[in-house]
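Structure first, then comments.
No lab work stands behind these numbers, since they all come straight from the coordinates. Everything numeric in this text was worked out from a predicted model, so none of it was measured. Note that we place each Cβ from the backbone using ideal geometry, even for glycine, and neighbour counts take in every protein chain shown.
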Amino acid sequence: MAAEAERSAVYAMFSTLLQPPERMTHSEIIAGRPAQLWDALPVSPAPKPPMPPSWQAASFPGYSEWRSIYNLATSPVNPRLVPVESVHKVWSSDPSCEMPFAREKGLLQGDAAHHLYQLYRSVGFELPAQYADSPDHLVLELEFMSLLVETAGTAEQRTFLDQHLDWIPALISDAQRRGVPQLYCDLLAWLEEFLSLERAELAETTR
């Protein structure tokens, strides 16, 4: 099992890279910090996939271009990338729910959001104001998983991974269909490769 500090750092790294661009984050990417964190992640027995070239320092865009790419992907008018779990799952799987749109996708505040409100509250995880209406935003889920790696057992980590980080393939498919810039398609594919490694290793330790 990879060391907790290194695993937690990689979850936090992905959370940061999915947030709106900041100059400090850009400086860290150009300095090779994500590559260092990825290289430091011990993985066994499966080989660790390479970091995508588009997120390596040598080919990463300048700060202004990065902001433009992010804004194109996440435009509030018609966003191409919507990294919120409820949007990519049926709104509710509760058989007693009689709402006419209960089995539809593409909606906010579904089962996942309500479960995460409760989960965050139970452990004192503070919900940032900008995510008050979307506790199941991928940025928060990755940040919370980083915390779980540091504070919870492998069974709890595996449960959260299975319940709340199982929708990334649907997000990737949607991003490709909507024409999300390749930089972010690469980031999501890299994240899913990491999560696949995590599933395999957590499965081994919880047998």
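A value for Rg and Dmax of the Cα atoms in Å was derived from the coordinates, and within the list [x] 17.1, 54; [y] 15.6, 46; [z] 22.0, 79 it appears as [x]. Per residue, the average separation of C-alpha pairs within less than 8 Å and at least 6 apart gives the chain a relative contact order of 27 percent.
What does the highest-first list of 18-28, 181-191, 167-177 look like by mean Cβ count within 10 Å?
Descending packing order for the listed peptides: 181-191, 167-177, 18-28.
Rounded to the nearest 500, what is the chain's calculated 222 nm mean residue ellipticity when only DSSP H runs of at least 4 contribute -39500 (n - 2.57) each, over all residues? Walk me through the intermediate numbers first.
Working: 9 runs with 114 residues, N = 207.
Rounded to the nearest 500, the figure is -17500 deg cm²/dmol.
Counting 0.36 nm for each residue step from residue 24 to residue 51 and taking away their Cα separation leaves a gain of 7.7 nm.
Between residue 129 and residue 170, the simple label model (points 7 Å from Cα in the Cβ direction) yields a spacing of 3.1 nm. The alpha carbon centroids of region 155-207 and region 47-71 are separated by 19 Å. Taking θ as phi - 60° and the Karplus parameters 6.51, -1.76 and 1.60, the scalar couplings of region 139-156 work out to 4, 6, 4, 5, 5, 5, 5, 4, 5, 4, 4, 7, 10, 10, x, 5, 5, 5 Hz in sequence order, x denoting glycine and proline. Sorting the segments 78-88, 125-135 by their residues' average number of neighbouring beta-carbon atoms within 10 angstrom, most packed first, yields 78-88, 125-135.
Positive-end ranking of 155, 110, 173 along the dipole of the chain, with charges on Cβ about the Cα centre, is headed by 173. Peptides 65-72, 52-59 ordered by packing proxy, namely the average of other Cβ atoms within 10 Å per residue, highest first: 65-72, 52-59. Couplings 3J(HN,Hα) of region 170-183, computed from phi: 5, 5, 5, 4, 5, 4, 5, 5, 8, x, 4, x, 4, 3 Hz, in residue order, whole Hz [Karplus 6.51 cos²θ - 1.76 cosθ + 1.60, θ = phi - 60°; x for Gly and Pro]. Each Lys or Arg adds one and each Asp or Glu subtracts one; over the other residues with Cβ under 12 Å from the Cβ of residue 81, this totals +2.
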